[in-house]
Amino acid sequence: MNGTEIIQKAIDFCEENLTGEITVDELAARSGYSVYHFCRMFQQAVGCGPMEYLRRRRLSEAAVAIASGRDYIKDVGFNWGFNSHENFVRAFRAQFGVTPSLFRQTQSSLNLFHPVKLGERRFEIPGPAVRFTVKPAFKVAGFACRTTFRKGANGKDAPCHWNRYHAERLFEQIGKPTDPATRWDIGMLFDYDEKTRDISYLIGIEVDNFDGVNPECTKLTILSAQYAVFNTPPATTETFVKTIYQTWGYIYGVWFPQTGFTHLKANEFETYFRCCRVSTA
């Protein structure tokens, strides 16, 4: 077997025994490599170490169980290998940005860590991939967090920020009427630091003006620009965040290289009304 097959077999073994006791020594022994070499191979192939993979997968399956509402949250934690309720809540909040109880109340889409399939078929957007539109200048008000594009970052800041936005009902604190039936929540990147690769991510709503907006909110005025508009494929609550990330990957990894378009460094943004995805061209 080659290295990819060896690591995939280790992943499959983890998936078959998620609720059981698994040690890195056992995984390494099954692979035929030393612990050091196995962990290096796993990290390179998956993007995290084997124990981190197990932790993320167990928390993700626990989140699915919590969303179902069938079991007590404390029991869910024990079922997925956490020896105390406090440890489970702490780990859940660290991965998803909200407590298990808040997640059960809001039922928002979490950035779940799905089973890894090495060599998986490349993600594609079905049908016409893009349409172009010129959007007039507009204003956005909302709450921002700082995140990064640095190599090795796990990209959980923005999804955790969305979880807090819904769980803590931050949209009600913007200071403008927000009817859930018609509100288009907007996620927008801005204030990129090329040296540190840090960037800000705002979640909020489009407003006519900033009168009465909460002074704690970030307020942005976006100039008119031409946009390429992408729609994500249909997704469930469990696969929604993964589909968003895959759509971003398609835009930058496939569409831009194939078309030769140039990013104008304008603000790119996304909206989550009927799973609409928007990015600048």
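Over segment 4-51, how many percent of alpha carbon pairs lie in each 10 Å bin up to the one with the longest distance?
P(r) over segment 4-51, rounded to whole percents: 30, 63, 8.
Reported to two decimal places, what Rg/Rh ratio describes the chain when computed on Cα atoms with Rh from the Kirkwood expression? Walk me through the intermediate numbers first.
Details: Rg = 20.7 Å, Rh = 20.9 Å.
Answer for the chain: 0.99.
Using the scaling law 2.2 N^0.38 Å as the reference, what is the normalised Cα Rg of segment 1-123? Walk me through the intermediate numbers first.
Details: Rg = 15.5 Å, N = 123, 2.2 N^0.38 = 13.7 Å.
That ratio works out to 1.13.
Give the share of C-alpha pairs in each 5 angstrom bin for segment 164-249, from 0 to the last occupied bin, in whole percents, shortest bins first.
3, 10, 16, 21, 21, 17, 10, 2, 0
Across the Cα atoms of segment 131-280, what radius of gyration and what greatest pairwise Cα-Cα distance (Dmax) are found, in Å?
15.3, 45
Read-outs: derived from the displayed coordinates by stated rules, not from any lab. Bear in mind the structure is a predicted one, so any value in this text is a computation, not a measurement.
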